[in-house]
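The values are calculated or read from the model by the stated rules, or taken from the named source; none is laboratory data. This structure is a prediction, so every number in the text was calculated from the model and none was measured. Positions of Cβ are generated from backbone atoms using ideal geometry, with glycine treated the same way; all protein chains shown enter the neighbour counts. The protein model used for the area step is the full one, side chains on, heavy atoms only, and it has no ligands, DNA or RNA in it. Shrake-Rupley method; radii C 1.70, N 1.55, O 1.52, S 1.80 Å.
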Amino acid sequence: MSLALSTVADTLSRHLPIYRVRKPVYQAAMLESLRSVWDPSTRRVLDVGGGTGVIGQAISELFPVEEVVSVDVENRFLPSLSIQTLTYDGRSLPFEAGRFDGVLFNNVIHHVEPEDRLPLLKECRRVAPKGVLLIKDHLASSWLDHARLGILDLIGNVPFSGMIKARYLSDAQWRELAAAAGYQIETAAPARYRGWLFALFFPNRLETTMRWRPV
């Protein structure tokens, strides 16, 4: 069963009042795309780069999980959250090996410096050695795609004091990164984030949700 927009709005608005007046269409599509690639064995989830923590909170309430922990390099976590939140240095995850059975990156990796991506993914492999990586991010195949995504990041991140600097990956670069970190891209799901007019300028093909499995 799909997540209803009203359900997502009710969940998010308890923590961010803006969603009482603005429908969280993008966030609902994001959560639905994650559900489409979700591995049912993923019960203890680490949300890396969680930002305000509201998506991690929504996953804890709407997905079949036992625990969600959200970490970020800055403490922008909302005080109303019930999930555990921590700050970290962006390199070493502050957890013992095998602590989780799945790791989530939600529009995060394009904000990580290219030289830091592989070490961070290897840290994820350490704390969830048998678990999947669930990655919602972007696909860029041209300079125009990079420009479009830069505008989308400004629209989506500035209101929440999120990170703006970004370097987006192509499909080939995603596959190279997965292989270097010891994963294979098991599945990738599209989603409809924008309607017809907005999608003309910002095509939905710019968005991707992937499930990576260790090999």
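Structure notes:
- One residue stands out in region 167-186 among those that are in contact (Cβ under 8 Å) with a residue 40 or more places away in the chain and surrounded by 13 or more Cβ atoms within 10 Å (Cβ to Cβ): the one that is farthest from Glu74 (Cα to Cα), namely Glu186.
- Residue list for region 94-129, restricted to those being in contact with a strand residue (DSSP E or B) (Cβ under 7 Å, 6 or more places away or on another chain), among the charged types (D, E, K, R) and open to solvent by 50 Å² or more (accessible area, probe 1.4 Å): Arg125
- Cβ pairs under 8 Å, 6+ apart, first in region 52-79 and more than 21 Å from Val37 (Cα to Cα), second of a type in the set (Lys, Arg): Thr52/Arg76
- Condition check for Ser82: of a type in the set (Ser, Thr, Tyr), within 15 Å of the chain's Cα centre (by Cα), modelled with pLDDT of 95 or more and open to solvent by 10 Å² or more (accessible area, probe 1.4 Å): no
- Residues considered: Ile151, Ile135. Of these, the only one that is at pLDDT 95 or above and under 28 Å from Asn204 (Cα atoms) is Ile135.
- A single entry from Arg44, Arg20, Arg91 fulfils the requirement of being over 27 Å from Pro119 (Cα atoms) and surrounded by fewer than 21 Cβ atoms within 10 Å (Cβ to Cβ): Arg20.
- Of everything listed in (1) open to solvent by less than 40 Å² (accessible area, probe 1.4 Å); (2) at pLDDT below 95; (3) more than 20 Å from Ala188 (Cβ to Cβ), the single unmet condition for Ile164 is (1).
- All positions within region 193-215 that are open to solvent by 30 Å² or more (accessible area, probe 1.4 Å) and assigned to a helix (DSSP H, G or I): Trp196, Leu197, Phe198, Leu200, Phe201, Asn204, Arg205
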